[in-house]
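Structure first, commentary second.
Computed from the coordinates by the stated procedures, all read-outs in this text should not be read as laboratory data. All values reported here derive from a predicted model rather than from experimental measurement. Cβ: placed from backbone, ideal geometry, glycine included. Neighbour counts: every protein chain shown.
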């Protein structure tokens, strides 16, 4: 796919939709923790996955594995029906560069409140860009430059009330990803330095979603102006608003991927006698509160 064809309107829309779908696959709480557990340890039995994530109860672990298997990111294999093992598929392993980009962005741009696990950094970043229309708004501002809320509403959510986008802009502003061009309340919106620093993240997600090799990691919308961004921004500072750190409790992100019924029965998930894991508190968080 050449840059010329990729930057056509239809190609940009398809690209954005693929990226949003990719984000929806990994946005639900604990999905990234599950993926990274399998990435670090390889093939595991169900109880071994659960032991690596001891703060999760059985339903949460099985739900994450089932959803990730439905999305083609986790492979569930069995020999003569038993034992059952879980491992990342090729597609699951190829998602690593996008996770690396999300973690790097969180480390550079989110408020630093102490050591944070890599999986938690990824989920903190996802919390900001996966709500409905959030990525589409950032994409439109990156493509077109400063825009007013009405213009964004017509491009991002035609047919819906403009208040939908106004509300999203308000949250993106509180999260430090968009800002007014001037102090005037009628001024257009533009991306902040932190939002422009999402270029590697969206580039990696676009490459993965399209099934292209990582060596083609160039995005005509998000990567074309990276050099100019660096010259303009200098060193990217932690510019996500501190007020956004405690805007919501630590719950599952609102965006949840739609899953088709799996080809296996729920009872087939287990190849062991279910044991109750000891109650262990979830890992302490020090990044953006979820």
(request) Mind checking the full-extension length gain between residue 100 and residue 161? Use 0.36 nm per residue of separation minus the Cα-Cα distance, one decimal, nm. (result) 18.3 nm
(request) Provide the packing ranking of 38-45, 201-208, i.e. peptides ordered by the mean count of other C-beta atoms within 10 Å per residue, highest first. (result) 201-208, 38-45
(request) Using per-residue counts of other Cβ atoms within 10 Å, averaged over each peptide, order 165-175, 144-154 from highest down. (result) 165-175, 144-154
(request) If a/c stays under 1.5 just call it rounded; otherwise compare a/b with b/c (prolate if a/b is bigger, oblate if not). Do that for segment 32-92, with a ≥ b ≥ c from the square roots of the Cα gyration tensor eigenvalues. (result) rounded
(message) Using 0.36 nm times the number of residues separating residue 60 and residue 9, minus their current alpha carbon distance, what extension gain do you get?
(response) 14.4 nm
(request) Could you calculate the FRET efficiency of residue 17 with residue 151 from 1/(1 + (r/R0)^6), where r is the beta carbon distance between them and R0 is 22 Å, rounded to 0.05? (result) 0.60
(message) Once R0 is set to 45 Å, what does the formula 1/(1 + (r/R0)^6) return for the Cβ-Cβ distance between residue 223 and residue 77, expressed as a FRET efficiency to the nearest 0.05?
(response) 0.75
